[in-house]
1. For a quick protection proxy, order the peptides 165-172, 65-72 by their average other-Cβ count within 10 Å, most packed first.
2. Return the distance in nm (one decimal) between the two label points of a simple spin-label model at residue 190 and residue 210, each offset 7 Å from Cα along Cα→Cβ.
3. Binning at 5 Å from 0, report for the range 63-187 what percent of all alpha-carbon pair distances ends up in each bin.
4. Find how much the distance from residue 96 to residue 203 grows on full extension, using 0.36 nm per residue of separation minus their present alpha carbon separation; answer in nm with one decimal.
5. Need one number: the % of Cα-Cα pairs in the range 164-230 sitting beyond the 15 Å mark.
6. At a Förster distance of 25 Å, what's the computed FRET efficiency of residue 73 paired with residue 35, Cβ-Cβ distance as r, to 0.05?
7. Using the structure shown, select from 127/214; 152/215; 152/214; 44/127 the pairs with a Cα to Cα distance greater than 24 angstrom.
8. Highest mean first, how do 119-127, 84-92, 215-223 rank when packing is the count of other Cβ atoms within 10 Å averaged over residues?
Amino acid sequence: MNQPAEADNLILSVIRGIVMESRGTAVNQTSARPSGHVYFIDDKLSSQPSLAFRLERLDYVLTRFESTQAFLFSSNELVSGVIVLGPGIDVNDGLELQKQLLTRINSFPIIFTATRASTRQVVSAMKAGAVDFLRAPVLLDDIDQAISAATKRIHRHVKPLLSIEACQARYDCLTPREQQVMNHVVNGLSNKHMASKLSLSARTVEVHRSNVMKKMQARSLPELVRMAGFCDHELDD
């Protein structure tokens, strides 16, 4: 009787983990000309082994670390590359890693993945320059797209595809109240706190928040945070 494909993938992932060194082991991909470097940071008890399996099959040079501290220890000797923080890494450790990397010469754009994260943590990560913040279990197509975007950021060193002018135009289409709500959203306030601060009902805040997402054409909170950073308008607290 054949085992399910998911079980096969899990077994293969475990075998690969055993034969590789646990810290900083480079995995050369089948392509003779890899697209770049990916640094996967996750502990041994990852809740999504399929994520590591997918990363191993992408056209990148993959190096694995078990902790953010292990990565930082080696970071001065590493070339620029994309950091993927696995579900086993505490979000706060990832945020601290972002701060530490500000002093590094090389570029290390970060992709967060987490089973749980507060709105404030997501906002903090995006404001600090994270490429994306994906909720685990991560859709493998999403991680592919995020890594591709991060790699382009490294190689091109250009401003985001969405121009400041486009963001500003969308922002200007918001009503004054919607601008207030957007400001509070990107600063990590919950709907309940916004309702109290603006003297509105929770339902009214939800409506304004929905309108903000539609008018700004933001598909997610991280994307809205990025857009807020592109706007020239100074958002008041």
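None of the figures in this text is laboratory data; all of them are computed from the coordinates on show. These numbers were taken from a predicted model, which means no experiment stands behind them. Neighbour counts are summed over all protein chains in view; Cβ atoms, including those assigned to glycine, are modelled from backbone coordinates with ideal geometry.
1. Working: 165-172: 15.5, 65-72: 18.6.
With the highest mean Cβ count within 10 Å placed first, the list reads 65-72, 165-172.
2. Using points 7 Å along Cα→Cβ, the separation is 2.1 nm.
3. Each 5 Å bin holds this share of Cα pairs: 2, 10, 18, 20, 20, 14, 9, 4, 2, 1.
4. Details: separation 107, 0.36 × 107 = 38.52 nm, distance 3.53 nm.
Full extension from residue 96 to residue 203 adds 35.0 nm.
5. Values: 976 of 2211 pairs.
Looking at the range 164-230, the distances longer than 15 Å represent 44 percent of pairs.
6. Working: r = 26 Å, r/R0 = 1.03.
The computed FRET efficiency comes out at 0.45.
7. Values: 127/214 21 Å; 152/215 27 Å; 152/214 27 Å; 44/127 29 Å.
Beyond 24 Å: 152/215; 152/214; 44/127.
8. Values: 119-127: 19.3, 84-92: 21.0, 215-223: 16.4.
Packing proxy ranking, top to bottom: 84-92, 119-127, 215-223.
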